[in-house]
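Worksheet: the structure to be examined is printed underneath.
Values quoted throughout were computed directly from the atomic coordinates according to the rules given, and no laboratory measurement underlies them. All of these numbers come straight from a predicted model, not from anything done at the bench. Using ideal geometry, Cβ is built from the backbone for each residue, glycine included, and neighbour counts are taken over all protein chains shown.
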């Protein structure tokens, strides 16, 4: 039926091979385009998440800045409270360390000093 010479057979097989290469290149181009599209989506999502994270950090910074104004007052109050507690602790320690006679004598001296200034 068909009588093909070896040169015609070579051309025919070369045409089929070129067709397969063309199909493979089209498929590879499609896969690369899909990969680039997915990469673009991931980059967009990442940018959006970074922007939200940045806004959250800025909000936290603003809130900390507002609360830092009150931090000085809180620190001063804590300092006075600790000073008061330390003074009270020292007074109690002094009361327990001194004998009752000395304590009574000291209390009388304090009362006389207060009364002596008035008379």
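How big is the chain by the Kirkwood estimate over distinct Cα pairs, in Å?
Every distinct Cα pair counted, the radius reaches 25.0 Å.
Calculate the length of the line joining the C-alpha centroid of segment 1-41 to that of segment 52-70, in whole Å.
59
Relative to the longest principal axis of the chain, what angle (0 to 90°, nearest 10) does the C-alpha long axis of helix 6-97 take?
Helix 6-97 sits at roughly 0 degrees to that axis.
Note down the Stokes-Einstein diffusion coefficient of segment 39-95 in µm²/s, whole number, using a Kirkwood radius over alpha carbon pairs, 20 °C, and 1.002 mPa s.
Taking Rh from Cα pairs, D becomes 139 µm²/s.
Considering only 87, 63, 105, give the residue with the highest GNM mean-square fluctuation for the chain, with springs between Cα atoms whenever their separation is below 10 Å.
The residue that fluctuates most here is 105.
7 Å from Cα along Cα→Cβ at both residue 50 and residue 29: what's the point-to-point distance in nm?
3.2
Under the 0.36 nm per residue contour assumption, what length would be gained going from the current alpha-carbon distance of residue 95 and residue 16 to full extension?
Computed gain between residue 95 and residue 16 is 17.5 nm.
So what's the angle, to the nearest 10 degrees on a 0 to 90 scale, between helix 100-118 and the longest Cα principal axis of the chain?
With rounding to tens, the tilt is 80 degrees.
Please find, in a Gaussian network model of the chain (springs between Cα atoms separated by less than 10 Å), the residue of 72, 61, 19 whose mean-square fluctuation is greatest.
Between 72, 61, 19, it is 19 that shows the largest mean-square fluctuation.
Would you compute, from DSSP H runs of 4+ residues alone, the mean residue ellipticity of the chain at 222 nm, taking -39500 (n - 2.57) per run and dividing by the full residue count, rounded to the nearest 500?
-35000 deg cm²/dmol
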